[in-house]
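The values are calculated or read from the model by the stated rules, or taken from the named source; none is laboratory data. Given the structure is predicted, the values throughout are model-derived calculations rather than measurements. Cβ sites come from the backbone with ideal geometry, for glycine too, and all protein chains shown count toward neighbours.
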Amino acid sequence: MSTHSTDSQVYPSPPPSLVKPRVSSLLTFLGPGIIIASVTIASGELVFASRSGAIFGYSMLWCFLYAGVFKGIQVYTAARHIVLTGEHPLVTWRSMPGPPLWFPLLIVLPAIFLMLVGFSALPEILATFIHRLLGGALSGPDVGPWNHLEYWINVWATVVLTVCLILAWVSSYELVERISTVILGVMVFCIASALLVLGPDLPALISGLLIPSVSDYPSWVFQEYSETFTGRSPWLEVTLYLGAVGGGSQDYVGYIGFLREKRWGLAGRSVASLEDLEKATADSSLEVERARTWTRAPLLDITVSFTFVILVTLMFAALGALVLNPNRAIPDGSEFLTVQESFLTALHPQLKWLYRIGAFLAFIGTLYGAFEVYYRVVAEGVRSVFPRLAASRPLENLRPIVIFYCFLGGLALVWLPREIAGNVLGRLTFTSVISGGAASSGIWCFAMLWADHVRLPPALRMSWKLKLAAVLAGTVMVGLGVRVIVSYFQSS
């Protein structure tokens with residue numbers, strides 16, 4: 001990628017709709033954030049947000065609010081970086097103090113394994129749902145090393161993965177996204193309506209939203225779900241909830257990669273050196289104005305996307321507290337998706353079909369979108385770790401490799417007996433811990449503060465308010481992440 005010469009205009013002129021943004025023009029700056037939101041809505045909102053309300057009532061709502069806000073800050077600091085420099089943060093982090101490439105590898109290497117877990121766990125959750133909807137038996141004769149239910153879940157998961165592979169190969173992601181958006185939009189409207197009709201306990205909701213606390217499990221959890229929760233620390237549930245909002249750091253690597261296609265600021269255009277930026281901002285206040293105007297684009301995208309994700313997540317969590325908790329129904333095992341049907345049937349029995357279609361499309365859209373996100377994660381990882389290789393070969397060739405890696409690796413984990421691969425909940429918990437989870441998000445915030453200082457001239461650096469927000473987000477997320485890791489190994 002080329003570098004700007006010092007005698008040229010560094011930043012392109014931003015469009016009038018960004019210079020003087022209006023509500024009518026905001027939609028033109030939505031895109032990558034919506035993709036990340038759609039990729040996380042399946043397991044995040046439908047499963048784990050509902051699960052938190054079912055187990056803990058309103059007391060864990062703070063997880064979703066704070067994690068969503070802090071992750072929004074995390075992503076924006078990185079997005080403004082590529083907009084202002086044209087350089088992905090992974091590349092900037094190559095020169096961080098310490099062992100060579102330590103932070104890019106900390107982000108990218110776990111992602112390589114997380115891809116396989118995601119492409120096994122999500123198909124298995126959807127496969128269980130399909131099996132239940134079709135009236136399949138939950139018990140029966142074993143088939144080889146698999147019990148009856150496990151075998152049929154594996155069969156349906158294989159079908160799901162194959163459908164997603166075909167979609168990724170022959171169709172447009174935009175088409176799937178549009179269909180899913182319409183169905184999910186209607187479902188979210190009904191979810192909001194159900195919440196208003198049923199009427200949450202507002203004092204308890206506000207308390208759970210604002211006051212962080214991690215309580216013990218209710219006694220009935222051990223009586224009715226002993227196999228799942230015996231020896232499982234509540235903090236391991238917290239790690240699932242923290243990851244439920246907006247995805248994880250590996251997803252954000254892909255999000256920043258999407259900005260190249262939007263061509264906001266210097267993203268996807270060229271890379272400006274620190275010397276170029278220092279000279280341009282010293283010689284012209286207009287360049288500073290252009291640069292700061294361009295940062296509004298990712299700010300709008302991220303603000304709208306994360307606000308939507310947080311609100312939807314909180315609605316599912318609140319309905320879990322309203323509907324599932326009194327009935328002691330937890331999304332777990334063979335009921336990961338089925339018990340949430342009662343959220344809509346509380347309005348009308350026939351709305352079960354809307355929920356079923358919406359849940360199916362949410363998971364299909366998530367898996368299909370994950371192909372696109374993970375392809376960009378790998379591409380950005382190659383740019384950071386193997387810059388010469390990235391410069392000599394077109395990275396578009398990585399897309400089919402990543403697609404088949406996710407498909408075949410996910411399929412292999414699906415068919416591994418559970419005695420080896422573990423169950424869905426165990427896999428997701430383990431990967432959240434080994435990937436750093438909240439801790440990696442926190443370290444990311446501090447890494448962006450370092451990158452901002454060494455890569456940008458003073459005129460373009462973060463405001464003191466954004467720096468303070470990044471420090472707060474980093475500190476809280478690292479603290480939560482360390483606490484989760486300690487709990488995981490104590491309970492192992």
* Structure fact -> The condition of being β-branched (Val, Ile, Thr), touching a residue at least 24 places away in the same chain (Cβ under 8 Å) and within 20 Å of PHE363 (Cα to Cα) holds, among VAL69, VAL117, only for VAL117
* Look at ALA329 and say whether it is among the small types (Gly, Ala, Ser), out of contact with any Cys (no Cβ under 8 Å at 6 or more places or on another chain) and over 19 Å from ALA127 (Cβ atoms). => yes
* Asked: Any idea how many residues of the range 59-72 are buried (at least 24 other Cβ atoms within 10 Å of the Cβ) and either among the basic types (Lys, Arg) or more than 14 Å from the chain's Cα centre (by Cα) (or both)?
  -> 4
* Kindly indicate whether any position in the range 426-439 is at pLDDT below 90 and more than 21 Å from VAL108 (Cβ to Cβ). => yes
* Consider LEU240 carefully, then state whether it is surrounded by 19 or more Cβ atoms within 10 Å (Cβ to Cβ) and touching a residue at least 12 places away in the same chain (Cβ under 8 Å). => yes
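Yes/no per residue for (1) basic (Lys, Arg); (2) in contact with a Pro (Cβ under 6 Å, 6 or more places away or on another chain); (3) at pLDDT below 90; (4) on the phi < 0 side of the Ramachandran plot:
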position: TRP220; (1), (2), (3), (4): no, no, no, yes
position: SER226; (1), (2), (3), (4): no, no, yes, yes
position: PRO234; (1), (2), (3), (4): no, no, no, yes
position: GLY246; (1), (2), (3), (4): no, no, yes, no
position: ASP251; (1), (2), (3), (4): no, no, yes, yes
position: ILE256; (1), (2), (3), (4): no, no, no, yes
* May I ask you to list the residues in the range 336-361 that are free of Cβ contacts under 8 Å to residues at least 60 places away in the same chain and among the charged types (D, E, K, R)? => GLU341, LYS352
* Asked: Which residue out of ILE183, ILE153 is touching an Asp or Glu at 6+ places or on another chain (Cβ under 6 Å), surrounded by 15 or more Cβ atoms within 10 Å (Cβ to Cβ) and either modelled with pLDDT of 90 or more or of a type outside the set (S, T, N, Q) (or both)?
  -> ILE153
* Asked: For the range 388-416, how many residues meet the condition of being modelled with pLDDT of 90 or more and farther than 18 Å from PHE371 by Cα?
  -> 2
* Determine which member of the set PRO123, PRO89 is of a type outside the set (Gly, Ala, Ser), buried (at least 24 other Cβ atoms within 10 Å of the Cβ) and touching a His at 6+ places or on another chain (Cβ under 6 Å). => PRO89
* Structure fact -> If we take the range 253-335, then helices (runs of 4 or more DSSP H) inside it with 2 or more residues that are closer than 30 Å to ILE153 by Cβ are 296-319
* Asked: When the range 479-492 is examined, which residues are found to be under 20 Å from VAL69 (Cα atoms) and surrounded by fewer than 20 Cβ atoms within 10 Å (Cβ to Cβ)?
  -> GLY479, VAL482, ARG483
